[in-house]
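Quick notes on the structure that follows.
The values are calculated or read from the model by the stated rules, or taken from the named source; none is laboratory data. Nothing here was measured: the structure is a model prediction, and the numbers come from that model. Glycine also receives a Cβ, built like all others from the backbone with ideal geometry; neighbour counts cover every protein chain displayed.
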Amino acid sequence: MGRLVVVSNRVQSPDSAPAAGGLATAMHAALQQSGGMWFGWSGETSEGDVGDAWVREHEGITYATVDLNEPDYVGFYEGYANQTLWPLFHNRVDLAVFDRVAFENYRRVNERFAAQLERLLKPDDVIWVQDYHLIPLGEELRQLGCRQRIGFFLHTPFPPPEILVTLFNHKRLVRSLLAYDLVGFQAPDDLGSFKDYVVQELRDGRAADGTVSAYGRTTKAGAFPIGVDPAAFRQLASSSSARRYAARVHKSLGGCRLVLGVDRLDYSKGIPERMAAMQTFYELHPHARGRVTFLQIAPPSREDVPQYRTHKHEIEGAVGQINGRLAESDWTPVRYVSKTYTQARLCGLYSLSKVGLVTPLRDGMNLVAKEYVAAQPSDHPGVLVLSRFAGAAHQMAAALIVNPYDRVEVCEAVHQALEMSLDERTERWRALLEGLEKHDLAGWRDNFLAALAEGGCGAVAES
Ligand code: F6P
């Protein structure tokens with residue numbers, strides 16, 4: 001195989017510590033193993049002309065990053081990507097903003113990324129484009145004459161057709177996916193929604209045998225659930241920095257057992273619903289008061305997007321309400337921390353907690369669920385409570401699977417987890433870990449790239 005070129009909006013800078021979960025951490029690990037080039041946004045905005053990509057080498061990876069100018073940042077990142085596609089792909093039509101000007105920024109940024117990237121490509125490169133920010137990139141590259149194999153992977157869910165058709169330019173968007181040789185999704189449901197859309201909405205749309213066709217073009221499509229590197233998380237959890245941090249937090253808990261949530265501060269993660277479930281838990285199980293603490297870590301995210309600001313206030317209100325109602329002078333039911341922790345500290349917290357509460361309302365995969373399991377101590381593992389609406393639920397049946405909208409069901413799962421015998425906890429954890437090892441990050445990358453290597457060369461779809 002030729003050089004791997006990963007393209008994503010976020011690029012994990014070689015100078016900064018990786019954040020929890022998420023795409024950038026996964027791509028960094030995938031590239032560390034194979035080497036190659038990582039192309040994307042620098043994370044910087046600049047006035048006026050943004051200039052050429054900045055290229056540098058670090059430990060076998062070539063980093064090529066470009067700035068965005070302010071209007072493009074607003075229209076592309078804050079606008080079409082995160083106020084249109086993100087809510088729609090998470091079934092939140094009520095939060096989606098339909099703005100044609102923002103789409104123009106989105107299209108233009110993809111066009112610029114393609115022009116910058118094309119100059120850095122070699123003929124036998126294999127290009128792997130990531131996520132909803134960059135859906136049109138493959139088509140832009142084809143229009144510049146790129147004949148390399150190009151694959152696309154969507155880290156978010158793909159919405160059912162009846163949701164997607166609320167978007168003013170849904171056909172144009174999906175048609176651009178057909179310029180790729182391979183389109184990958186997290187879960188079979190997402191693949192199913194994509195096929196349903198193609199068949200129902202596109203001219204001559206067909207789906208069969210791992211391919212979709214429309215507009216005279218055939219593209220391979222499959223489900224490739226992303227994994228983690230379990231050994232890396234196990235190692236991190238036993239590092240001195242993780243242990244030191246866990247010991248510090250353990251001391252502060254004063255004997256309380258820890259229930260833990262770790263999520264980017266995003267409305268798809270179901271944090272207010274989780275708070276409500278924990279309030280119900282303390283109300284229905286009063287003996288847990290003073291004996292159990294719920295810690296929610298929620299690193300700030302997309303803070304300039306209005307829906308995220310509103311959501312932050314909603315969570316802060318919910319935390320204040322529970323604590324105001326239930327706290328005692330010597331016990332606080334909910335600790336809420338809105339900051340970014342290193343992975344080592346998070347692993348320390350994962351291994352300290354008795355319950356990992358991962359209850360998104362909708363999630364492509366949710367790597368925190370997998371990291372939580374990987375970081376558990378083998379002699380006294382904690383229990384994962386997992387939303388049925390996370391892509392990870394398809395692979396993690398040994399977790400306690402819950403409906404995150406049902407606060408009583410979540411509350412009872414937390415109770416069951418805290419009461420669970422060591423034998424049952426160990427049995428469930430072993431089954432989960434076995435799954436993580438079988439479907440790990442390297443396997444995800446290799447399966448996707450093998451399927452991409454088998455495909456034919458893409459072309460721009462007929463309009
Ligand atoms: O996992 C989905 C995703 O949007 C990634 O593409 C992204 O890197 C991550 O969430 C964090 O979001 P953002 O890049 O907007 O901070």
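Is it the case that some residue within region 74-89 is buried (at least 18 other Cβ atoms within 10 Å of the Cβ), in contact with a Pro (Cβ under 7 Å, 6 or more places away or on another chain) and in the same structural domain as residue 125 (by TED's automatic domain parsing)? Looking through region 74-89, at least one residue is buried (at least 18 other Cβ atoms within 10 Å of the Cβ), in contact with a Pro (Cβ under 7 Å, 6 or more places away or on another chain) and in the same structural domain as residue 125 (by TED's automatic domain parsing).
It is to be established whether one or more residues within region 151-167 are in contact with a helix residue (DSSP H, G or I) (Cβ under 7 Å, 6 or more places away or on another chain), within 16 Å of the ligand (Cβ to nearest atom), part of a helix (DSSP H, G or I) and not aliphatic (A, V, I, L, M). No, region 151-167 contains no residue that is in contact with a helix residue (DSSP H, G or I) (Cβ under 7 Å, 6 or more places away or on another chain), within 16 Å of the ligand (Cβ to nearest atom), part of a helix (DSSP H, G or I) and not aliphatic (A, V, I, L, M). Among the conditions (1) crowded, with 21+ Cβ neighbours inside 10 Å; (2) touching a helix residue (DSSP H, G or I) at 6+ places or on another chain (Cβ under 7 Å), residue 408 misses just one, which is (1). The residues of region 213-235 that are under 17 Å from the mean Cα position of the chain (by Cα) and free of Cβ contacts under 8 Å to residues at least 40 places away in the same chain amount to a single one, 223. Among the residues of region 411-423, write down those that are exposed (fewer than 14 other Cβ atoms within 10 Å of the Cβ) and either among the small types (Gly, Ala, Ser) or without any contact (Cβ under 8 Å) to a residue 40 or more places away in the chain (or both). The answer is 419, 421, 423. Please determine whether any residue of region 88-103 is within 16 Å of the ligand (Cβ to nearest atom), more than 30 Å from residue 389 (Cβ to Cβ), in contact with a Gly (Cβ under 9 Å, 6 or more places away or on another chain) and not hydroxyl-bearing (Ser, Thr, Tyr). No; the residues of region 88-103 include none that is within 16 Å of the ligand (Cβ to nearest atom), more than 30 Å from residue 389 (Cβ to Cβ), in contact with a Gly (Cβ under 9 Å, 6 or more places away or on another chain) and not hydroxyl-bearing (Ser, Thr, Tyr).
In contact (Cβ under 8 Å) with a residue 60 or more places away in the chain, away from the ligand (no atom under 14 Å from the Cβ) and either in the same structural domain as residue 370 (by TED's automatic domain parsing) or touching a strand residue (DSSP E or B) at 6+ places or on another chain (Cβ under 9 Å) (or both), is that true of residue 37? Reasoning before the result, please.
Details: in contact (Cβ under 8 Å) with a residue 60 or more places away in the chain: yes; away from the ligand (no atom under 14 Å from the Cβ): yes; either in the same structural domain as residue 370 (by TED's automatic domain parsing) or touching a strand residue (DSSP E or B) at 6+ places or on another chain (Cβ under 9 Å) (or both): yes.
Judged against the criteria, residue 37 is a match.
Just one of (1) under 28 Å from residue 163 (Cα atoms); (2) touching an Asp or Glu at 6+ places or on another chain (Cβ under 9 Å); (3) surrounded by fewer than 24 Cβ atoms within 10 Å (Cβ to Cβ) fails for residue 398. It is (1).
Here's the yes/no breakdown for (1) out of contact with any strand residue (DSSP E or B) (no Cβ under 6 Å at 6 or more places or on another chain); (2) polar (S, T, N, Q); (3) in a helix (DSSP H, G or I):
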residue: 275; (1), (2), (3): yes, no, yes
residue: 278; (1), (2), (3): no, no, yes
residue: 283; (1), (2), (3): yes, no, yes
residue: 290; (1), (2), (3): no, no, no
residue: 310; (1), (2), (3): yes, yes, yes
residue: 314; (1), (2), (3): yes, no, yes
residue: 317; (1), (2), (3): yes, no, yes
residue: 321; (1), (2), (3): yes, yes, yes
residue: 325; (1), (2), (3): yes, no, yes
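Reported count of residues in region 253-303, each being of a type outside the set (A, V, I, L, M, F, W, C) and in contact with a Phe, Trp or Tyr (Cβ under 9 Å, 6 or more places away or on another chain), is 18.
Looking only at residues of region 5-23 that are within 8 Å of the ligand (Cβ to nearest atom) and modelled with pLDDT of 85 or more, we find that the one that is nearest to residue 368 (Cα to Cα) is 10.
A quick yes/no check of all residues on (1) within 16 Å of the ligand (Cβ to nearest atom); (2) of a type in the set (S, T, N, Q); (3) under 23 Å from residue 238 (Cα atoms); (4) under 22 Å from the mean Cα position of the chain (by Cα):
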site: 334; (1), (2), (3), (4): no, no, no, no
site: 343; (1), (2), (3), (4): yes, yes, yes, yes
site: 352; (1), (2), (3), (4): no, no, yes, no
site: 369; (1), (2), (3), (4): yes, no, yes, yes
site: 382; (1), (2), (3), (4): no, no, yes, no
site: 389; (1), (2), (3), (4): yes, no, no, yes
site: 425; (1), (2), (3), (4): no, no, yes, no
